[in-house]
Amino acid sequence: MKNFKAFFQFTKQEQNGIFYLVVLLVLLQSFYWVIKTTNSEAEAGIVLDNRAQQQVDSLKTLALLPKAPKIYPFNPNFITDFKGYTLGMSTTEIDRLLEFRKTGKYVNSAADFQKVTQISDSLLQSISPYFKFPDWVLENQAGAVKAKTSARFKKKSEMIDLNQATAQELRQISGVGQKLSARIVKFRDRLGGFLVNEQLYEVYGLEPEVAERVLRKFQVIALPKIQKININTATWEELSQLVYITENTAKRIVAYRNENGPLDSLDELGLVKGFPKDKITRIGLYLSLSNDE
């Protein structure tokens with residue numbers, strides 16, 4: 001124990017040395033801490049300055065960017081080189097318009113402007129809302145549309161209903177004689193009336209070009225009331241009354257139905273031997289799968 005205490009006993013000189021050593025370590029540590037803190041604050045200040053500088057630079061860049069010119073309504077017939085350039089037109093496109101104007105002609109619509117200048121669809125879409133034509137041009141355009149609509153209405157009103165036409169009226173068409181006119185009426189009556197104009201081409205002996213001439217004067221205007229045949233309950237005699245279905249085909253339909261049960265879709269008729277698959281859509285206009293249709 002005495003030896004242990006003796007181990008920690010120092011002379012006064014040694015004690016002073018230890019004291020100065022501790023003081024020196026404390027001073028060095030304090031000096032290191034002060035320097036580190038100062039550097040950290042300096043670095044933080046630099047980061048802050050960089051961010052502020054970036055914001056200033058961004059504002060300068062925005063200020064220097066060219067502003068898109070504001071577009072006011074204008075007459076495209078009087079575009080100058082500078083005006084065309086600000087709108088995004090090329091010199092070639094501007095020259096086309098100027099050459100066109102030298103002939104004394106004017107563009108009266110956005111479509112005319114594109115046809116003359118050959119500008120892209122995207123450019124036309126962006127600038128055409130600002131086109132301003134004289135009032136008389138707009139009035140003429142409205143009048144032309146009205147006249148066109150009136151002409152279509154008049155043309156339609158001059159048509160004769162193909163389902164009401166007599167054999168004598170049909171004979172007014174070049175190429176339709178007494179036999180063909182009677183055949184058209186007979187075919188129409190067997191159908192119960194034409195549902196679509198294209199059924200006229202199915203009349204036996206009627207040439208396509210003659211049918212086209214007929215349809216220039218006669219059209220299906222009023223649809224006839226058709227009593228559809230229930231494909232799942234009709235007898236073969238009833239089915240054969242339809243002009244598109246022969247007696248043998250009608251019998252095969254009934255046999256197929258008896259063997260496989262009621263049809264779920266008219267497309268299933270394509271599985272019946274001899275059924276005219278190319279006319280299934282047309283025949284379907286006269287058939288139903290239930291009494292409710």
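Using θ = phi - 60° and the Karplus relation 6.51 cos²θ - 1.76 cosθ + 1.60, list the HN-Hα couplings for segment 117-130 in order, rounded to whole Hz, with x at every Gly or Pro.
Whole-Hz 3J(HN,Hα) from phi for segment 117-130: 7, 6, 6, 6, 4, 5, 5, 4, 5, 7, 9, 4, x, 9.
Among 222-230, 249-257, 79-87, how do they line up from the highest to the lowest mean number of other beta-carbon atoms within 10 Å?
Per-residue mean Cβ counts within 10 Å order the peptides as 249-257, 79-87, 222-230.
Ratio to report: Rg/Rh of segment 208-293, with Cα atoms as the point set and Rh obtained by the Kirkwood method; give two decimals.
My calculation puts Rg/Rh at 1.06.
Rg/Rh for segment 67-125 to two decimals, with Rh computed the Kirkwood way over all alpha-carbon pairs.
Result: Rg/Rh = 0.93.
Only the coordinates and a few stated rules stand behind these numbers; no lab work does. All values derive from a computational prediction rather than experimental measurement. Note: ideal-geometry Cβ built from the backbone for every residue, glycine included; neighbour counts use all protein chains shown.
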